[in-house]
Amino acid sequence: MQIDYELTQDDFTQSFVAHRNRNAFSKWLIRLLMSFAIFVAAILALWLILRPDAQETKNLIPFFGLVLMWVALLWGLPRWSARRQFLKQPGAQGQRAVLMDELGVHWRWNGGSSDIAWKNYVRALEARKQFLLYTSPACFNIIPKRALTPERLLELRAILKQNIPV
């Protein structure tokens with residue numbers, strides 16, 4: 001099976017988010033902590049609106065700043081990091097081709113190539129918009145779903161299920 005595509009900055013961003021949310025624990029922990037922080041900040045803001053006190057407001061400003069910074073980091077850091085990596089990595093830009101056969105996966109891109117045997121893949125993750133093929137717990141290659149027809153999507157799922165451990 002051969003797939004031809006070109007990665008975009010959005011592919012990188014979505015893959016970083018999918019990697020961060022790769023297991024249910026980390027996905028829901030981040031969501032719960034962010035929701036809790038926003039909830040506490042909203043309650044405190046409401047309390048300050050109903051019972052205005054200049055000293056209490058001054059005391060809570062660092063807390064609101066911390067919550068705002070924390071939410072910005074959790075939401076924005078993957079997007080910023082993906083954008084930065086995409087723009088500073090010439091090999092990520094341009095046409096790519098991936099060929100999967102019985103020996104492994106053969107990657108070709110503008111300026112390079114790589115042949116990786118199936119035994120070197122430790123995991124495959126299907127996200128909403130792409131597949132991530134892991135050669136280590138944190139290193140992955142991206143195959144965007146937009147490059148696949150529905151029939152080819154089924155074929156790719158079957159190949160990955162057959163060759164990469166769940």
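In the range 22-32, the count of residues that are part of a helix (DSSP H, G or I), in contact (Cβ under 8 Å) with a residue 12 or more places away in the chain, basic (Lys, Arg) and surrounded by 11 or more Cβ atoms within 10 Å (Cβ to Cβ) is zero.
When Gly76, Gly65, Gly91 are checked against the criterion of being without any contact (Cβ under 8 Å) to a residue 40 or more places away in the chain, assigned to a helix (DSSP H, G or I) and closer than 26 Å to Ile159 by Cβ, Gly91 stands alone in meeting it.
Does Thr13 count as of a type in the set (Ser, Thr, Tyr) and farther than 30 Å from Phe131 by Cα?
So Thr13 does not fit the description; no.
Looking at Pro144, Pro165, Pro150, can you tell me which residue is surrounded by fewer than 11 Cβ atoms within 10 Å (Cβ to Cβ) and either within 18 Å of Asn21 (Cβ to Cβ) or in contact (Cβ under 8 Å) with a residue 24 or more places away in the chain (or both)?
Pro165
Of all residues in the range 136-145, those satisfying the criterion of being modelled with pLDDT of 95 or more and either out of contact with any Lys or Arg (no Cβ under 6 Å at 6 or more places or on another chain) or part of a loop (DSSP other than H, G, I, E, B) (or both) are Ile143, Pro144.
The values are calculated or read from the model by the stated rules, or taken from the named source; none is laboratory data. If you're wondering where the values come from, they're calculated on a predicted model, not measured in any experiment. When we count neighbours, we look across all protein chains shown, and the Cβ atoms used for this are built from the backbone with ideal geometry, even at glycine.
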